[in-house]
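Participant: The structure's right below; bear with me while I get my questions together.
The values are calculated or read from the model by the stated rules, or taken from the named source; none is laboratory data. The structure presented is a predicted model; accordingly, all values stated were derived computationally and were not measured. Heads up, the Cβs are rebuilt from the backbone with ideal geometry, glycines too, and the neighbour counts pull from every protein chain shown. Heads up: the accessible areas ignore ligands, DNA and RNA and are worked out on the full protein's heavy atoms, side chains in. Shrake-Rupley method; radii C 1.70, N 1.55, O 1.52, S 1.80 Å.
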Amino acid sequence: MSAVLCGSPQVVPGCFHCGLPVPLETEGKSWQVLIDGVMRPMCCPGCQTVAQCIVDNGLCDFYSTRKWFSVTAAQETLIPPELQLYDDAHTSAVEQAGQTTTDPAMETCEAAFSIEGIRCAACVWLIERRLARLPGMCSINVNVSTECLHVRWNKTVCKPSDILKSLREIGYAAYPFDPVRHGEQLERTRKKLFRQLFIAGLSMMQVMMYALPVYLATDGTMDEAMTSLMRWAGLLLTLPAICYSAQPFFYGAWINLKHRWLGMDVPVSIGIVAAFGGSVMATLRGHGDVYFDSLTMFIFLLLCSRYLELMARRKAASALDNLHHALPASAWRMPGYPFCRDTELIPAAQLRADDVILIKPGDAIAADGVILEGTTTVDVSLLTGESQAQSKTIGANLPGGAINATQPIVMRVTHASADSTLSVLMQLIVRAGQGKPQLSLWADKVAAWFVGGLLLFAVVVFFLWQWIDPARAWPIAIAVLVVSCPCALSLATPTALAAATDRLVRRKILIVQPHVLETLHRATHIIFDKTGTLTVGKPVLQNIETLGIASPEWCLQVAAALEVFSAHPLAGAIVDAAKDRSRQQESDLSPLAASCVNDVREVAGQGLEGSVDGVLFRFGAAAFVEKLAGYSVTAQAAVGVTSIYLGSRANWLARFDVADGLRSDARQVVSHFRAAGKTVILLSGDQQAVARHVAEALGISTALGEYLPEQKLAYVQALQGDGAIVAMVGDGINDAAVLRAADVSFAMGNGAALAQMHADCVLLSGRLSSLSEVDATAAQTLSVIRQNLTWALLYNLVAIPAAALGLLNPWLSGIGMSVSSAVVVLNALRLRRIKHKSGDGIEAATGALVTSPSLRTSSM
Amino acid sequence: MEALFLLVPLSIGIVFIAIWLFFRMSDSGQFDDMIGPALRILHDDDRPEINQKSENVRPDGDG
């Protein structure tokens, strides 16, 4: 068996355990382990030890059933100290969160953990076997589909941290199970619906067995007693379907009626009750038609479409899961700060405002706060999708959920973790999922009228047939009630929107207001703010103009060597540019990296002075450098560009032009909207010349600069007065008023300020190209909605008259209705698929963010 | 044909027993994980003593 299961990992030459290349035999050393009678190569002593440990423990089977290599260090994530938190002294913290239940009599504890990285049979097997070795384990159960581990253990002999530690030893990161996260409620509903579906199916099949003979015996060969027996059998077997499986419809109808609203459950329930009542009467009286078979089939098919819809909703919640991992479970509090630097490890949930915490490099920040000590870079990629780590120093705000990348810092907590940026983000997502857009409300309203009309129509049809052919009146009226499908009408929009929202959240685009997709699609004008929207919002080196004989690269290296010592924003631009260049040229280190830089002096407002390899340089404003160089050069000021000069004694070397850089995707987004026939306008508070410059570079025809916020507002309102539908894109903070005034607004994501953001849609990725993605999704969503509505309309237009004319019997109607709902839901689910041609790395990023943000940045 | 008067009620009874059984199975969590058990059955423990031990610590099959 193992030979069959030996998958691809074994044939690749490399470490048998982790798949990394095996180094050449240096100094006669090599590592290998005897597995299944074969000496397998290992890349390092670590893998060798692990593999040996697995073999020695008799767990060889792991290798024969795994589908992937074991994780390597680059994917490792959990930080060990926080495991201690779950020890007995602190279990209360876990219990508080509702994850653990204790049975006092049995001395056992039960808990659920979410496990990341369960991928195949071998994982389940390995986890269960490893945990079974711990003392006091009562039961271990890994659920593959929910990636959830349920354990029960004796708390006197085993600590929760032992469980987490054991899991970590074999390479799985476990988190305390969060009921919200896994949507326990949803799971319960699903389970109940599954049972109802099963019962309905069972009932349907059994009833069919007793309905068939009656259908076949048309020539009167079946005697009265036998027919009656069959009817009673059908009646009894329909009971579970009516009493148990049909509950959701009755309940829904009851809720609808209580709120004086005619939803789709009302005609369905009336149809079920009428058909059942009629059949029971017929059974009791001994003559007339029974519809037990149609009835059970109808309930079954309808439940099928419900189940499908629920599963779709569950999938839609999946994008949230990634975010929930971001807040750490623990924090190092410094209770005695600033007098004493002792730290204590506490659960993050216990953090209060004004607590002072220590954040070690590589740790996630447990709550929002302000830095008191230290300078570091933080990785906010999980919050914003921005991969570049940001440098933060004393006084800077840190968003909870970001990762501290380089230096230990001391931070004062400003909001408890429940109010942190990440939590706000999650609340926004939840809220976004609840809102109903206009289109959907409209569909609901139409559906209500539709149902009302339908009920009347059914009554009319009933009496008409009573007059034509009384025997057929009852089944035809039921068929009319059942065949109509307001569900398709009501489902058409919400399912499509849910699928689209899910897809966008996975792409780090957060839709806060439900109308975004509709409105953006209808928008006639797209107005962009400049700074921070079309541009990066920070200076970027644009051009190096040499003034002497030295090469631009050399000048850049000298400038960068000096600027390393400066905290000025322009310095960052120079240093980044130098790094970029040296990376592009693949020269391992910049030529001056090893050179000796000393006596660096910063002259406020002027520039820097310092000696590199013994030569004195000045870097800064023209006048400042002129004093050293001894003569002046003609300074040409370009639009929107800051020039910095580099000179040495009696020599001008170069001019560096630094300007706010355009976003790399700005041009593509602008042309996307122009191609879509929308008017693109640049509206900026910056100088007219700068605005025009940027607009020209991007192909925007209308550029309006020097607009104050209230002027911007007036401009947008004037446009709207002319009948335009305005979409506004800004950074979300400075333009709050105009963003609110626009018909639909977009904000470039920014982790820290998220809570104050006033936009209908937040581009968390911080990439402008997300905007064209939203637009594409909007177009696709609206076309799916249109298809769905058309289908629902066509179906009802054809099916209802057909039923009224007596061409359909109730069971056929049941099938028709269910298929109609299923078509709508499946069509909507198509929206969840992300096309891969535009899927550059975001998908990978979402995954990678959770696993190893700290490692990615630490290499910088 | 008279046998049917016995067999039909009997079959109805069996259906209700089946429903009761299904509820019991469902309550015990048998349908919670539809993938795991199929994977788990592929494994053999290659050492008997571990086999015994792990069975001792996982007594409740429904857990």
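Participant: Other chains near A:209-216: what is the mean number of their Cβ atoms within 10 Å of each residue's Cβ? Walk me through the numbers on the way to the answer.
Facilitator: Numbers: counts 3, 3, 0, 0, 1, 0, 0, 0.
Mean shielding by partner chains, rounded to a whole number: 1.
Participant: Could you sort the peptides A:600-607, A:238-245, A:493-500, A:463-470 by per-residue average Cβ neighbour count (10 Å cutoff), highest mean leading? Could you put the intermediate results ahead of the total?
Facilitator: Values: A:600-607: 14.1, A:238-245: 20.6, A:493-500: 25.8, A:463-470: 12.6.
Ranked by mean Cβ neighbours within 10 Å, highest first: A:493-500, A:238-245, A:600-607, A:463-470.
Participant: Protein chains only, probe 1.4 Å: how do A:Glu344, B:Glu2 rank by accessible area, largest first? Please list the in-between numbers first.
Facilitator: On the way: A:Glu344 65, B:Glu2 145 Å².
My answer, sorted largest first, is B:Glu2, A:Glu344.
Participant: Calculate the mean, over all residues of peptide A:702-712, of how many other protein chain Cβ atoms lie within 10 angstrom of the residue's Cβ. Show your work: numbers first, answer last.
Facilitator: Working: counts 0, 0, 0, 0, 0, 0, 0, 0, 0, 0, 0.
The mean count of partner-chain Cβ atoms within 10 Å per residue comes to 0.
Participant: Rounded to the nearest whole Å², what accessible area per residue is found for region A:464-547 with the 1.4 Å probe?
Facilitator: Accessible area per residue: 32 Å².
Participant: Moving to a separate point now. Given the pairs A:Lys155/A:Lys191; A:Lys192/A:Lys445; A:Lys508/A:Lys530; A:Lys258/A:Lys445, which are separated by over 19 angstrom at their Cα positions?
Facilitator: Pairs exceeding 19 Å: A:Lys155/A:Lys191; A:Lys192/A:Lys445; A:Lys508/A:Lys530.
Participant: Taking a probe of 1.4 angstrom, what is the accessible area of A:Trp31 in Å², to the nearest 10?
Facilitator: Approximately 60 Å² for this residue.
Participant: How big is the B-A contact in terms of buried accessible area, both chains counted, 1.4 Å probe, rounded to the nearest 100 Å²?
Facilitator: 3700 Å²
Participant: Okay, moving on. Once amide H atoms are built 1.01 Å from N in the peptide plane, which residues 5 or more positions from A:Gln407, or in another chain, come under 5 Å H to H?
Facilitator: Amide H to amide H, under 5 Å and 5 or more residues apart or across chains, A:Gln407 pairs with A:Thr377.
Participant: Let me ask something additional. Which value, in Å² and to the nearest 10, is the accessible area of A:Arg786 when all protein chains are kept and the probe is 1.4 Å?
Facilitator: Counting only protein heavy atoms, the figure is 140 Å².
Participant: Between A:Ala623 and A:Ala779, what is the FRET efficiency for a Förster distance of 51 Å, r being their Cβ-Cβ separation, to the nearest 0.05?
Facilitator: Numbers: r = 55 Å, r/R0 = 1.07.
It comes to 0.40.
Participant: Would you rank A:Arg341, A:Arg190 by solvent-accessible area, highest first, keeping every protein chain in place and using a 1.4 Å probe? Each step should come with its number before you reach the end.
Facilitator: Details: A:Arg341 130, A:Arg190 30 Å².
Listed by decreasing accessible area, they come as A:Arg341, A:Arg190.
Participant: Rank A:Thr501, A:Thr65 by accessible area, highest first, at a 1.4 Å probe radius?
Facilitator: Working: A:Thr501 35, A:Thr65 10 Å².
Ranked list, largest accessible area first: A:Thr501, A:Thr65.
Participant: Further, regarding this structure: Summarise the accessible area of region A:627-718 (1.4 Å probe, protein heavy atoms) by the percent that is carbon and sulfur.
Facilitator: Numbers: 2290 of 4490 Å².
Heavy-atom surface of region A:627-718 belonging to carbon and sulfur, 1.4 Å probe: 51 percent.
Participant: Using a loss threshold of 10 Å², tell me which positions in region A:122-139 are less accessible in the complex than in their chain alone. Probe radius 1.4 Å, ligands and nucleic acids ignored.
Facilitator: Listed by number, the residues meeting the 10 Å² cut-off are A:Val124, A:Trp125, A:Glu128, A:Arg129, A:Ala132, A:Arg133, A:Met137, A:Cys138, A:Ser139.
Participant: To the nearest 10 square angstrom, what accessible area does A:Lys392 show with a 1.4 Å probe?
Facilitator: Surface open to solvent at A:Lys392 totals about 40 Å².
Participant: Please compute, for peptide B:32-42, the average count of beta-carbon atoms on other protein chains lying within 10 Å of each residue's beta-carbon. Please list the in-between numbers first.
Facilitator: On the way: counts 8, 8, 3, 5, 10, 2, 2, 9, 6, 1, 9.
That works out to 6 on average.
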